[in-house]
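The values are calculated or read from the model by the stated rules, or taken from the named source; none is laboratory data. Please read these numbers as outputs of a predicted model, since none were measured by experiment. Cβ placement follows ideal geometry from the backbone for every residue including glycine, while neighbour counts extend to all protein chains displayed. When the accessible area is computed, the model is the full protein with side chains, heavy atoms only, and any ligands, DNA or RNA have been set aside. Shrake-Rupley method; radii C 1.70, N 1.55, O 1.52, S 1.80 Å.
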There are 2 protein chains.
Amino acid sequence: MSVTDGLLENNAGYAAEFSGPLPLPPAKHVAVLACMDARLNVYGALGLGEGEAHVIRNAGGVVTEDAIRSLAISQRLLGTEEIVLIHHTDCGMLTFTDDEFKKSIQEDVGVKPAWAAEAFGDLEADVRQSIARIRTSPFLPRKDSVRGFVFDVATGKLNEVS
Amino acid sequence: MSVTDGLLENNAGYAAEFSGPLPLPPAKHVAVLACMDARLNVYGALGLGEGEAHVIRNAGGVVTEDAIRSLAISQRLLGTEEIVLIHHTDCGMLTFTDDEFKKSIQEDVGVKPAWAAEAFGDLEADVRQSIARIRTSPFLPRKDSVRGFVFDVATGKLNEVS
């Protein structure tokens, strides 16, 4: 049995206990942008329930153009007002450089990605960079509450970046 | 108190019960790409525990260039082998068109986004489009298990798209 098949078995148990449907707009009017890291369970770490928050995730929790797209849809069409950014300790994005990663792909398949890998060398600096990208985006109307955190994978605690 | 402050209070409770740290690579060697929708609790719906799977999310659960970036990092640097794609019923992406959304932004702030909003008109067709984008990407080495699902927000059940 594949891992995917096992996850589908788990889903049958989830659906058996499920009560829905809930409204489409997030009840807490908040959007979270976090790293895809497996150890960062956003619903658990923030005590979120179903229907409460948009959760956007990518490698690094970086404010990419696609994250701006998702946040623009979240704010403009679905009424979210606060943004929570989450990076985390022991992040894989600290372990390589864009140049190395793209060169390794080029050597493997002959094609160099036209995109940035968005690796970073300093967690807190990248949280600040993410906040700056949001603040300077013309597409996001609500920037009164944009706060950034580092999740500690050893303690489960969120530490705010000032 | 802001919503973000309330989430931080929740986090204190989570951290108090937390046992870590876990290894960096996902234990189940799987990456999930899902819509950001608030009603889709990926950890709950798939029965995932901390440390088991990469979770990538954006508006629509669309295979964008940024999703390819995240999946490439997931497979090439952190050893994931299976990909699970999740769209869902009652998705906001079914309610507008790219042209309308971008025009509304242009009318609001004077700048038209250079990116696609990635709205879609047919859920299952977009799941298939997402699978096709993965299959044709030169950057992803492992494509033996790429499966797509529609999460039903009324029942909590995942239905596979064939």
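Here is a check on your reading of the model: is A:ARG57 within 20 Å of A:THR155 (Cβ to Cβ), among the charged types (D, E, K, R) and at the interface with another protein chain (Cβ under 8 Å from one of its Cβ atoms)?
no
Do the conditions hold for A:GLU107, that is, is it more than 9 Å from chain B (Cβ to nearest Cβ), free of Cβ contacts under 8 Å to residues at least 24 places away in the same chain and over 26 Å from B:TRP115 (Cβ atoms)?
Answer is yes for this residue.
Among A:LEU46, A:LEU24, A:LEU33, A:LEU78, which is more than 8 Å from every other protein chain (Cβ to nearest Cβ) and in contact (Cβ under 8 Å) with a residue 12 or more places away in the chain?
Answer to the check: A:LEU33.
I need the full set of residues from segment A:10-27 which are outside any helix (DSSP H, G or I) and surrounded by fewer than 22 Cβ atoms within 10 Å (Cβ to Cβ), in order please.
A:GLU17, A:PHE18, A:SER19, A:GLY20, A:PRO21, A:LEU22, A:PRO23, A:LEU24, A:PRO25, A:ALA27 - these are the residues of segment A:10-27 that are outside any helix (DSSP H, G or I) and surrounded by fewer than 22 Cβ atoms within 10 Å (Cβ to Cβ).
Given the criteria modelled with pLDDT of 95 or more, within 7 Å of chain A (Cβ to nearest Cβ) and more than 19 Å from B:ALA117 (Cα to Cα), does B:ALA12 qualify?
So B:ALA12 does not fit the description; no.
State whether one or more residues within segment A:60-72 are at the interface with chain B (Cβ under 7 Å from one of its Cβ atoms), over 27 Å from B:ASP99 (Cβ atoms) and modelled with pLDDT of 95 or more.
no
List the helices (runs of 4 or more DSSP H) that sit entirely inside segment B:45-162 and contain at least 3 residues that are under 24 Å from A:ALA53 (Cα atoms) and open to solvent by less than 10 Å² (accessible area, probe 1.4 Å).
So the answer is B:65-78.
Which of (1) under 17 Å from the mean Cα position of the chain (by Cα); (2) at positive phi does A:GLY110 not meet, given it meets every other one?
Evaluating A:GLY110 over (1) under 17 Å from the mean Cα position of the chain (by Cα); (2) at positive phi leaves (1) as the failure.
Being closer than 16 Å to A:GLY148 by Cα, touching a strand residue (DSSP E or B) at 6+ places or on another chain (Cβ under 6 Å) and in a loop (DSSP other than H, G, I, E, B) is the requirement here; does A:LEU40 meet it?
It is true that A:LEU40 is closer than 16 Å to A:GLY148 by Cα, touching a strand residue (DSSP E or B) at 6+ places or on another chain (Cβ under 6 Å) and in a loop (DSSP other than H, G, I, E, B).
For the structure I just gave you, tell me whether B:LEU7 is under 20 Å from A:LEU46 (Cα atoms) and within 7 Å of chain A (Cβ to nearest Cβ).
It is true that B:LEU7 is under 20 Å from A:LEU46 (Cα atoms) and within 7 Å of chain A (Cβ to nearest Cβ).
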